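Since the structure comes first, as structure tokens, the remarks are kept for the end.
The values are calculated or read from the model by the stated rules, or taken from the named source; none is laboratory data. No experiment lies behind these values; they were computed from the predicted model shown. Methodologically, a virtual Cβ is constructed for each residue, glycine included, from the backbone with ideal geometry; neighbour enumeration extends over all protein chains shown.
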Amino acid sequence: MNHLPHSFKRLTAAYPPLLWVRLFGETLTTLSNTMIAPFLVLYLSENIGSSVIMTMLVIGLQPFSEILLTLFAGGVTDRYRRKTVMLISLLIQGVAMLGMAISDSMLLFALSYVANGAGRSLFIPASRAMLADAIEPKQLSSAFALLNTASSIGAAIGPLVGVLIYQQDPALAFLFTAISLFLYALAVWWKIPHSDQPADTAKTLQTPSASLRLDAYRPAFAIMLLALPISLFYAQTETNLQLHFKEMLPNYLQTLALLATVKGVLLLLFEFLLIRWTRNLPPRLLITGSYFCFAGVGLGYAFLDHVPSLLALQMLLVLGESIGLTHLLTFVSRIAPPSMRGRYYAITGTHWDISRMCGPFFGSLVLLHYGGAMLFIISAAILLLGGIAMNIYLGKKETAFPLEQEG
């Protein structure tokens, strides 16, 4: 028993304060965000009023704004101090959430949603680049896993609270999210010191041809394109899966919340351990394997209508998410020059925005014409092809960027 305080002290001393502030903020914001996410499509269609197609188009506006701002955001992250960019982005997101809380029309909601996307496009590359700057490469996978574990704490609680809020007053969830973002900004301002820019940043910025040359970003664009099958699958689980379950399951609201909660609990219990257990395995094996895990989940969503089976399927989803997405983030830090980390994270992260912009709309067309089962069969097939392509690409890159193992 006496070993627990000592182990906890060693863990806290192993990482800089930046990580612990991020853990606090990610827990808080994920808790409030997951009150909204499982029910956003239902909220727009039932409370503000719109067709399925129009709802999906509005859902696609936020990632569209993020795509437009991605390269700008990455450049800002590399040019200015990461802390300043993180603060501004959190404040933008908080104000946008207040706008969504008071929206009584689709237009006002859409404008607030776009502003939230602008804030996210600044925050994500800045926060990831700052983490990569501050933490040793051999510890980076574990740091990302701890962040995801913190998010899982919020994700385990948020959906169940979200059901209660949705049945009472859905706008309260947006208000709680705004408050959590402002608290996160306060913690960043108070506890995170300004970081120095990488030593070669000034030189890079003074040489436009070096930063604008397509060859310098070719690996980032390759990862972004090859990761599209994963984010396309997630885009369906975040939107059209709600409508698919509404047709399949009698208590679909409770099932959606239960699935999200079980996933959060499993991530909380196993993600960090999975990263530690797999730290000596080749990243190519882990990243490629995640595609096949997601494909299996897609086929399960297509054919299973039994709640216990769907709950068991969450373990496969957690396995893919833990070993695949976390190691992919670490791989990006390995291939990115220090002075271009913000832009690399911005470019590679664009696959989420592209999928969330187009995926819900095109997925809804398949859903309306051919049914939810066909939608998730197609998603699984795309994942299998994507996994094969990613395996080939990573096989070529592994020798060029050797991994520093954690010891």
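Go through the residues of region 307-318 one by one and say whether even a single one is touching a residue at least 60 places away in the same chain (Cβ under 8 Å) and in a helix (DSSP H, G or I). For region 307-318, residues touching a residue at least 60 places away in the same chain (Cβ under 8 Å) and in a helix (DSSP H, G or I): absent.
The set of residues in region 368-407 being at pLDDT 90 or above and of a type in the set (Ser, Thr, Tyr) consists of Tyr370, Ser379, Tyr393. Is at least one residue of region 321-328 surrounded by fewer than 23 Cβ atoms within 10 Å (Cβ to Cβ), of a type in the set (A, V, I, L, M, F, W, C), free of Cβ contacts under 8 Å to residues at least 12 places away in the same chain and part of a helix (DSSP H, G or I)? No: zero hits. From the set of residues in region 85-116 that are β-branched (Val, Ile, Thr) and touching a residue at least 60 places away in the same chain (Cβ under 8 Å), which is surrounded by the fewest Cβ atoms within 10 Å (Cβ to Cβ)? Among those that are β-branched (Val, Ile, Thr) and touching a residue at least 60 places away in the same chain (Cβ under 8 Å), it is Ile102.
When you scan region 117-236 for helices (runs of 4 or more DSSP H) that lie fully inside it, which ones turn up with 1 or more residues that are at pLDDT 85 or above, crowded, with 18+ Cβ neighbours inside 10 Å and in contact with a Lys or Arg (Cβ under 9 Å, 6 or more places away or on another chain)? Correct list: 171-191, 214-226. In this structure, is Ser355 under 14 Å from the mean Cα position of the chain (by Cα), farther than 16 Å from Leu131 by Cβ and either in contact (Cβ under 8 Å) with a residue 40 or more places away in the chain or part of a helix (DSSP H, G or I) (or both)? Yes. When region 287-306 is filtered for residues that are out of contact with any Gly (no Cβ under 6 Å at 6 or more places or on another chain), among the hydrophobic types (A, V, I, L, M, F, W, C) and not in a loop (DSSP other than H, G, I, E, B), the ones remaining, listed by number, are Ala295, Val297, Leu299, Ala302, Phe303. Checking Gly298, Gly264 one by one, the residue that is surrounded by 19 or more Cβ atoms within 10 Å (Cβ to Cβ), modelled with pLDDT of 85 or more and not aliphatic (A, V, I, L, M) is Gly298 and no other.
Would it be correct to say that Ile347 is surrounded by fewer than 24 Cβ atoms within 10 Å (Cβ to Cβ) and part of a helix (DSSP H, G or I)? Judged against the criteria, Ile347 is a match. The number of residues in region 78-95 that are farther than 25 Å from Phe109 by Cα and of a type in the set (Val, Ile, Thr) comes to 1.
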